[in-house]
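Have a look at the structure below before the remarks.
The values are calculated or read from the model by the stated rules, or taken from the named source; none is laboratory data. Keep in mind it's a predicted model, so treat the numbers as computed, not measured. Every residue, glycine as well, gets a Cβ built from its backbone with ideal geometry; the counts of neighbours run over all protein chains shown. The accessibility values were calculated without ligands, DNA or RNA, using every heavy atom of the protein model including side chains. Shrake-Rupley method; radii C 1.70, N 1.55, O 1.52, S 1.80 Å.
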Amino acid sequence: MKKIFLLIVGLIAIIGGYVGWQIFGPTIKEPTGKYLYIHTGSNYNDVKELLINENIINGNFFFDKLAKKAAYPNNVKAGRYEIKDGLSVYNLVKMLKSGRQSPVKLVINKLRTKEDLASKISQNFECDSSSVMDFLNNADSLQTYKLDTNTAITAVIPNTYLINWNNNFKKIFTKLYNEQQIFWNKERTQKAALKNLTPSQIYTMASIVEEETNKAEDKPLIASVYTNRIAQGQKLEADPTVKFAMKNFGLKRILYGHLKYDSPYNTYMHTGLPPGPICTPSTKTIDAVLDAPKTDYLFFVAKPSFNGYSNFAATYAQHQIFAKQYQQALDSLIRSKQ
């Protein structure tokens, strides 16, 4: 009798240990790509199927029991969940029930078009590119932010953002817009006003400067050229605006025929700034425009040394000298490669 009792106790201990291991032990496997994506509208059965198909759990018996006890089946929350090797079923259920997802680290550097932004968003979030474009091309949607279809991109300040994967684009855009409002603090807003420009116009000018050069020392000087041209009612005649207008960013040289391309973004045809930015300029470039010195420069052209810097001139006569030097150096370089 005593042996039977000990056998039963032993069996109970073994079963208890097994159950405890299945519930609290490190039985969870990390999925391919590290994350579990639960789409908006998914139900409990969808989640179980995902967990099994991704080999995160090796069976749904214990997960099912714990999930039902935690009332998870009626509280499925969409999101991007980081699943690590060694997690327990208990902690998995707890995480999913609480909706404790891992936000996406969205890194925005230079983007040129709304399509570029839509592509980046669709690659990183649940919403697709068509929904992004629908929003960015909808005047009514943008009116809430005091933006239009041309200025929408001014809400995007290049930076790193933490945003939940299942957010729709309106929430994502609101996050970007709110960060942009913080960026345009009192000091920056006042600097823009001193140049008789709005933050949106500063952003647009910075986008042209961004495309003109990657030399930090030249950026404020190029901005001063554009500021002076605007003040004198001259056309900006900025080559990057032609590339943007044509949506041909691979153009190496702007030819006379390109200058006649009919677009409100072509600053060879239209006076003043274009109706919106031609890229998302860095914060350093925006600040370079805000801090641009007062100069009498009206022209600039690349230096003949091809070091990436420019020569600046206040008169057309001086500009012609610099331009001729550059053209001669360019012709010589071309001949040397033939």
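Miscellaneous remarks
- Oblate is the label for segment 21-69. Its Cα gyration tensor axes, ordered a ≥ b ≥ c, give a/c of at least 1.5 and b/c at or above a/b.
- Label-zone membership for segment 160-198, site V107, 7 angstrom Cα→C-beta point, backbone N under 13 Å: 160-161
- Extension gain from Y161 to T315, taking 0.36 nm per residue of separation minus the Cα-Cα distance: 51.0 nm
- Scaling the Cα radius of gyration of segment 116-179 by the globular reference 2.2 N^0.38 Å produces a ratio of 1.01.
- Note on the chain: with charges restricted to the Cβ of Lys and Arg (+1) and Asp and Glu (-1), its dipole about the Cα centre is near 860 debye.
- Extended-chain gain in nm, criterion 0.36 nm per residue less alpha-carbon gap, Q190 and N75: 36.5 nm
- Dipole magnitude for segment 87-197: computed about the Cα centre from +1 point charges on Lys and Arg Cβ and -1 point charges on Asp and Glu Cβ, it is near 500 debye.
- Rounded Å value of the spacing that divides the Cα centres of segment 213-260 and segment 284-327: 12 Å
- At full extension, K146 and T271 could sit 42.6 nm farther apart than now, given 0.36 nm per residue minus the alpha carbon distance.
- Pairs beyond 18 Å (Cα-Cα), from K84/K171; K235/K303; K48/K68: K84/K171; K235/K303
- The residue list L290, F62, Q325 was ranked by how far each Cα lies along the charge dipole of the chain toward its positive end, using unit charges on Cβ atoms, and F62 comes out on top.
- Packing, as the average of other Cβ atoms within 10 Å across residues, places the peptides 109-116, 305-312 in the order 109-116, 305-312, highest first.
- Anisotropy class of the chain from Cα gyration tensor, a/c 1.5 cut: prolate
- With the whole protein complex present, V225 retains an accessible surface near 0 Å², based on a 1.4 Å probe.
- Since only T174, L221, Q101 are under comparison, the one whose Cα sits farthest along the positive direction of the charge dipole of the chain, derived from C-beta charges on Lys, Arg, Asp and Glu, is Q101.
- Of the solvent-accessible surface of the chain, computed with a 1.4 Å probe and all protein chains present, 52% belongs to carbon and sulfur.
- Here A216 and E49 are evaluated by their C-beta separation; at R0 = 51 Å the FRET efficiency comes out at 0.45.
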